[in-house]
There are 4 protein chains.
Amino acid sequence: MRILFFGDVVGRAGRDAVIAHMPALRERLDPDLTVVNGENSAGGYGVTVKLAEEFFAAGIDVVTLGNHTWDQKELVGTIEQQPRIIRPLNYPEGTPGRGFVLLQARGGRKVLVVNVLLRLFMEPMDDPFAAVDRVLKAHRLGAGQGAGGVDAVLIDMHGEATSEKMIMGHFCDGRASLVVGTHSHVPTADHMVLPKGTAYQSDAGMCGDYDSAIGMKKEIALAKMVRKLPTERLTPAEGEGTVCGCYVETDDRTGLAVRIEPLRVGGRLSQTLPERMQ
Amino acid sequence: MRILFFGDVVGRAGRDAVIAHMPALRERLDPDLTVVNGENSAGGYGVTVKLAEEFFAAGIDVVTLGNHTWDQKELVGTIEQQPRIIRPLNYPEGTPGRGFVLLQARGGRKVLVVNVLLRLFMEPMDDPFAAVDRVLKAHRLGAGQGAGGVDAVLIDMHGEATSEKMIMGHFCDGRASLVVGTHSHVPTADHMVLPKGTAYQSDAGMCGDYDSAIGMKKEIALAKMVRKLPTERLTPAEGEGTVCGCYVETDDRTGLAVRIEPLRVGGRLSQTLPERMQ
Amino acid sequence: MRILFFGDVVGRAGRDAVIAHMPALRERLDPDLTVVNGENSAGGYGVTVKLAEEFFAAGIDVVTLGNHTWDQKELVGTIEQQPRIIRPLNYPEGTPGRGFVLLQARGGRKVLVVNVLLRLFMEPMDDPFAAVDRVLKAHRLGAGQGAGGVDAVLIDMHGEATSEKMIMGHFCDGRASLVVGTHSHVPTADHMVLPKGTAYQSDAGMCGDYDSAIGMKKEIALAKMVRKLPTERLTPAEGEGTVCGCYVETDDRTGLAVRIEPLRVGGRLSQTLPERMQ
Amino acid sequence: MRILFFGDVVGRAGRDAVIAHMPALRERLDPDLTVVNGENSAGGYGVTVKLAEEFFAAGIDVVTLGNHTWDQKELVGTIEQQPRIIRPLNYPEGTPGRGFVLLQARGGRKVLVVNVLLRLFMEPMDDPFAAVDRVLKAHRLGAGQGAGGVDAVLIDMHGEATSEKMIMGHFCDGRASLVVGTHSHVPTADHMVLPKGTAYQSDAGMCGDYDSAIGMKKEIALAKMVRKLPTERLTPAEGEGTVCGCYVETDDRTGLAVRIEPLRVGGRLSQTLPERMQ
Ligand SMILES: [Fe+2]
Ligand SMILES: [Fe+2]
Ligand SMILES: [Fe+2]
Ligand SMILES: [Fe+2]
Ligand SMILES: [Fe+2]
Ligand SMILES: [Fe+2]
Ligand SMILES: [Fe+2]
Ligand SMILES: [Fe+2]
């Protein structure tokens, strides 16, 4: 299976970049599953069903979220209309929406997409390891697992600390196709296949303008942090966005990864595309 | 000028990798300045003068530190013997050692190396922006700046949050040759030359074994985080290390960067070398 | 019912103070239940079964814990021998020991004691509100509740932030006899009966030497915080300890509180005893 | 000298309580200096010059602030009009306003009032110990200190962690008349005169409605923390406020404290008044 994942989309610059590059990426990579983290797509703060539907129209299958899940308050009442928008798994019981979604991919293959919030330097949440463990035990990876089996598992772990991210990667190693981080808004260059076959990258990086402070206007962010005086509200930078993410190929028998490659296209970052596109 | 920087060296795996790769890197890159962050080189915790001297013997010019500066208590009494070991600038007044060093490079050129601790999700420290600002005002970048001028400025910002790192990059843009992050132990793929000419990378990545939790044994780290019970002390993973860092070329007239390239060699991460080596 | 609670016992000064004052307190207050937070009783770090048994011998019924639960590693293997040592409820599943205990008090009355860790500015833990809610739903307060009913409920919430503590108080109001905080090591003067009948105090205060930094030697703590250099290990201050806590009387029909009074005896703090002792 | 200090005033309930009780407190205590922390007086968020002037009209001499200093943006432009509103000392250089004020009290006596932000679990700030040390070295306590001498020094340390507060108390012991904490919004019962003569209380407690979450409406605070869904903005609780603070008497020869007593009047907390009023 071929999987494409993009990190946190920040504002219009991020949305425009993703939507502009999707046709070529779809044509040349022909992904079976495309997932984007949308937690900053609505002006930097959350997502709406309307914006998610623009992603779906562009060929994206699932929108994941993070600590900004409810920044657009309307989503509390609308998330359940759209099962392909998922919010982190480890919110309190009774939270609207779901923390994972099971999709039908081409050829009758089943794909599980999970979203989870990590905890170091983040808001208090329920144990992400226990939550992910329960989901993985209910959805065994690989052909021949029977009724509960799935052909691919993608986990978007939304978190700050690289230690916790690497530990989550090892915790899932052999049980997921891809464990990829979001939230730092910077792509990491540690994409690798872990020893038991799970593709891993600490952070996919944001889709947005990198001449900024994690996608937001640098002048405002600098004034806020350095002078500690009130400023105008932080809004997304408006230069050309870079689409950041990764591309993974799995072995259909095992569901495990055979390769992971970074993808950075457009905007200010160094450009790199999967070998399949070159 | 040609500058080589390596991120946090973790334990023996990290030291061995750096020392093993240095001869080829020196020969093929011929750097004017080589700097390494050594805060985890002594079994994961701090550095000693003896270990720093092994780096110097291998051709490294300066060892920087971070939040683990004093993990090896002996350094409190010995750091002043060795001005090429620098500790973060924004420790309290009266702290042994210095936060920057001015070196003589080939051809009479002057190079300033600065180490600073950021503050988000870190221990409380004095304002890194004010501290860096004072140093940069006393050491103007570029030929023709007269007595206080320097030919290159390298800033190792040791910090957790990508927002603060990017803000520091912009804060120094046009006043430093390279602003590079350390501490996350994961290389970022956002190396770029900022609009006013400063080379930037959010994190250089660690030099160590990446089949680990930020360089430490993954089994111990996983047990500690997931089960929350006492474990043995975290010690460095022992597999082959990857040397991670970046390579920068500056314009001798301005001191600004003309290029920045990532470097990852050995071990488990995808390999990449500066074009000059290819 | 008459309930006596003491906050974090710190080191020998704290243990000696508690044990010295217990005979008079027992004689003059005649408590039905006495609980102490013992998380710092073993030289400032955790508790052992042996030390807990000294508390039991002095007439204390239950020892609660907190973030220092496992500082004495032996407790991992021994806590299950002694059900009257309880550890926070919201540790991961599979953690040794239990988060609450149900005791038989005089006259066949049943008493539930619960220990829970709050999360703001603390280590990540599972949701304390959900965890406490489950326990309270399984143990209804007040006579005439049938098989699952209990005559008194005491909750030791171990936490840093006063906001979270007050919210936990209101969350339990009407369902517990006493919700009392620990961990700050300073007694608060906000003891009150909440609108629905639960006695509340944000922090009971430590039992230890208050000429200190939260019970530890002030010179070491000051050097560590101000100079940020390595110091000797923090150890408990050794002056005379103050026993700090609160005294609660409940209505046996409802299990709710009719009064809460602070108790501070010995050492440097202003002295205050329940009216019943005067 | 007689000194009266009140902790964080929260909203109208807090302002009304302070202003209603001031006439009796002034008449019966006859204070030489009265200080209030006003950081939450404007609807829970900051203070305005207009509100500060209501405090001054009621007989208060100085308004201190904290982490909410700039919540009312207008204060950035107006604070310099009113030297008796002070903001924390350890903001970055160039911040409007001042971190201390020197007042003339009755009989030609000089009083220094200082405001400082602590750092544990708070926003990054410059070193509070170094900042306070500089001010105390420039203003020696006690008669006969000559030109730079002052007759009383009051320090409002605005902070979260009791450890840091106690360390600051000892750091200033013998050099200040009173070191009192704010920010936790809960009064502590550890008021004492430290060994070298400085009066100390970890937190003065808020002036506001205690049937709340640190002065804010409990229903909103509970929903926000427990359910983690968007709620309406937190606003102050509106029940009768308790005025919380402390009363200190100093020795005019030394400037050191001879007594410190808590004060709690009105509202839901247990009531206590200085002996002088009884
Ligand atoms: Fe994000
Ligand atoms: Fe995020
Ligand atoms: Fe490090
Ligand atoms: Fe570090
Ligand atoms: Fe604790
Ligand atoms: Fe404690
Ligand atoms: Fe406040
Ligand atoms: Fe505050």
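The values are calculated or read from the model by the stated rules, or taken from the named source; none is laboratory data. Please read all numbers here as calculations on a predicted model, not as lab measurements. All Cβ positions, glycine included, derive from the backbone under ideal geometry; neighbour counts span all protein chains shown.
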Output for the range C:188-229, where each listed residue is within 16 Å of ligand 5 (Cβ to nearest atom) and more than 12 Å from the chain's Cα centre (by Cα): C:188, C:208, C:212, C:213, C:214, C:215, C:216, C:221
Which ones in the range B:160-175 are more than 9 Å from residue B:202 (Cα to Cα), in contact (Cβ under 8 Å) with a residue 40 or more places away in the chain and of a type in the set (Lys, Arg)? none
Before we move on, is residue C:274 touching a residue at least 12 places away in the same chain (Cβ under 8 Å), over 26 Å from residue C:118 (Cβ atoms) and surrounded by fewer than 24 Cβ atoms within 10 Å (Cβ to Cβ)? yes
Flagged in the range C:33-50 as within 15 Å of ligand 6 (Cβ to nearest atom) and crowded, with 21+ Cβ neighbours inside 10 Å, in numbering order, are C:35, C:36, C:37, C:38, C:39, C:40, C:41, C:42, C:44, C:46, C:47
Residue, farthest from ligand 5 (Cβ to nearest atom), within the range B:31-54, restricted to residues that are among the hydrophobic types (A, V, I, L, M, F, W, C) and farther than 18 Å from residue B:159 by Cβ: B:33
Unmet criterion (only one of (1) in a helix (DSSP H, G or I); (2) under 24 Å from residue A:67 (Cβ atoms)) for residue A:276: (2)
Go through the range A:165-188 and count every residue that is in a helix (DSSP H, G or I) and touching a strand residue (DSSP E or B) at 6+ places or on another chain (Cβ under 8 Å). 7
Filter the range B:168-200 down to the residues that are among the β-branched types (Val, Ile, Thr) and buried (at least 24 other Cβ atoms within 10 Å of the Cβ) and list them by number. B:179, B:180, B:182, B:186, B:188, B:198
Expected single match for more than 7 Å from chain B (Cβ to nearest Cβ) and touching a Leu at 6+ places or on another chain (Cβ under 6 Å) among A:180, A:150 is A:150
Taking the range D:200-218 and the residues there that are in contact with a helix residue (DSSP H, G or I) (Cβ under 9 Å, 6 or more places away or on another chain) and of a type in the set (A, V, I, L, M), the one that is nearest to residue D:258 (Cα to Cα) would be D:206
Considering residues that are within 13 Å of chain D (Cβ to nearest Cβ) and surrounded by fewer than 22 Cβ atoms within 10 Å (Cβ to Cβ), the number found within the range A:51-69 is 2
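Residue-wise test of (1) hydrophobic (A, V, I, L, M, F, W, C); (2) in contact with a His (Cβ under 7 Å, 6 or more places away or on another chain); (3) within 28 Å of residue B:163 (Cβ to Cβ).
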site	(1), (2), (3)
A:27	no, no, no
A:33	yes, no, no
A:54	no, no, yes
A:89	yes, no, yes
Quick one: would you say residue B:239 is within 11 Å of another protein chain (Cβ to nearest Cβ), of a type in the set (Gly, Ala, Ser) and within 18 Å of residue B:270 (Cβ to Cβ)? yes
Considering every residue within the range C:150-160, establish whether at least one is crowded, with 18+ Cβ neighbours inside 10 Å and within 16 Å of ligand 7 (Cβ to nearest atom). yes
Criterion first (modelled with pLDDT of 95 or more and closer than 27 Å to residue A:169 by Cβ) does residue A:275 satisfy it? yes
Note on the range A:14-39: residues within 16 Å of ligand 2 (Cβ to nearest atom) and in contact with a Cys (Cβ under 9 Å, 6 or more places away or on another chain) are A:14, A:36, A:37
Being among the basic types (Lys, Arg) and within 16 Å of ligand 6 (Cβ to nearest atom) is the filter here, so list the residues in the range C:135-166 that pass it. C:165
Starting from residues that are of a type in the set (Ser, Thr, Tyr) and in a strand (DSSP E or B), keep the ones in the range B:202-250 and report whichever is surrounded by the most Cβ atoms within 10 Å (Cβ to Cβ). B:250
Mind listing just one residue for me: the one in the range A:72-126 that is among the basic types (Lys, Arg) and more than 10 Å from every other protein chain (Cβ to nearest Cβ) and, of those, nearest to the chain's Cα centre (by Cα)? A:87
When residues of the range A:187-206 are limited to those that are more than 9 Å from chain B (Cβ to nearest Cβ) and among the hydroxyl-bearing types (Ser, Thr, Tyr), the one nearest to residue A:247 (Cα to Cα): A:200
Filter result for the condition that a residue is in contact with an Asp or Glu (Cβ under 9 Å, 6 or more places away or on another chain) and within 13 Å of chain C (Cβ to nearest Cβ), over D:234, D:222, D:269: D:269
